[in-house]
Amino acid sequence: MEQRHLGRTGLRVSRIGLGTLTWGHSEETDENDAADLLKVFWEAGGTLVDTADVYGDGEAEYLLGRLVERLVPRRDLVIATKAGSVPDPDRRFDGSRGHLLSALDASLARLGTDYVDVWQVHAFDPCTPLEETLQALDIAVASGRARYAGVSNFSGWQLAKAATWQLTAPGTRSRIASTQMEYSLLQRGVEREVLPAALDLGVGLLPSSPLGRGVLTGKYRHATPADSRGASEQFAPFVAPYLDDAASRVVDAVVTAADGLAVTPLHVALAWVRDRPGVAAPIVGARTAQQLAAALSVETLSLPDEICRALDDVSAPVHRYPDQDWSTL
């Protein structure tokens, strides 16, 4: 699999990443399933594995830690995890230095490793000064517990402020290597402000849900399959926002493009987001090894320009003042 630099750093990652959101959920991805996924991913040349301390209440990290070395050498993986989400209805995110560093130590224990390759702040915490949050990243990198630092779910101004702050003291502060955001043909909101900021500041974009939470595979066009996430009690609300008429028009266009290219809708949707400017690696959260193998087979596909233009048109986000390039509207 082709490797790409993560933002403006020397770290190289596979251009498709493996997500672990559902690892540790008995009805989704158990240990045997996770082992199959990791093995298929590694054998295809994949390196980037993304997790978080709250996935499966920590079970995702624990599962990954048990599988590393037993199945895949640690040196062959780029392990990325996140911290900052907390199970508190009054405060969803805690970006304080104390919480983040404690969470990192707990993640390392679950993962059974001395370091993570990329450590990400899971979301912006308005209750903590940003410089305090960023100092936790600097401490993690300086101590060797993290090799690179990133953020997740930061808006455009939040990302620009964080990345610029880190760049004002080179050699002292660790630059922001990546930002993880939802990005697909069904969710192009990052193109308004986040992606322009990332491109300008040398931050690599790691798209989550690149298949529109599974909807872009076309499997929900006529009904909700009984074995799909859309039919599960836990994940149905996650899929529901992309089952409206606007999404259906985009899915129909993807299916038409796939038929014309003699590939699957999954391949079209994934190739589109993988090759967007600024994208380092979409994170694919397959449930089975068969699904993952199908996604990884997109490696040889590059969409023709006319197909890309057609998909761009049908899924175009609405740009209004004062979005990026608003003066041309």
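The values are calculated or read from the model by the stated rules, or taken from the named source; none is laboratory data. Since the structure is predicted, the reported quantities are computational estimates derived from the model, not experimental observations. Glycine also receives a Cβ, built like all others from the backbone with ideal geometry; neighbour counts cover every protein chain displayed. Keep in mind that these areas ignore ligands, DNA and RNA; they rest on the heavy atoms of the full protein, side chains included. Shrake-Rupley method; radii C 1.70, N 1.55, O 1.52, S 1.80 Å.
If you average the sequence gap of Cα pairs under 8 Å that are 6 or more apart and divide by the length of the chain, what percent do you get for the contact order? Each step should come with its number before you reach the end.
Numbers: 600 pairs, mean separation 59.8, N = 329.
Rounded, it is 18 percent for the chain.
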(request) Go through region 13-82 and name the trypsin sites (Lys or Arg not before Pro) that are in a DSSP coil and have 15 or fewer other Cβ atoms within 10 Å of their Cβ. (result) ARG70
(message) What are the extents of the Cα atoms of region 274-318 along their three principal axes, in Å, largest first?
(response) 35, 23, 20
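Taking every pair of distinct Cα atoms and averaging 1/r, then inverting, what Kirkwood hydrodynamic radius in Å comes out for region 59-113? Mind dumping the intermediate values first?
Numbers: mean 1/r = 0.0809 Å⁻¹.
12.4 Å is the Kirkwood radius here.
With all pairs of different alpha carbon atoms counted, what Kirkwood hydrodynamic radius in Å does the chain show?
Details: mean 1/r = 0.0497 Å⁻¹.
Hydrodynamic radius (Kirkwood, Cα pairs) of the chain is 20.1 Å.
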(request) Could you tell me which chymotrypsin sites (Phe, Trp or Tyr not before Pro) in region 220-329 are loop residues by DSSP with no more than 16 other beta carbons within 10 angstrom of their beta carbon? (result) none
(request) Give me the accessible area per residue for region 4-124, probe 1.4 Å, as a whole number in Å². (result) 40
(message) Just the number: Rg to Rh for region 242-329, Cα atoms, Kirkwood Rh, two decimals.
(response) 1.01
(message) Could you report region 240-317's accessible area per residue, 1.4 Å probe, as an integer in Å²?
(response) 44
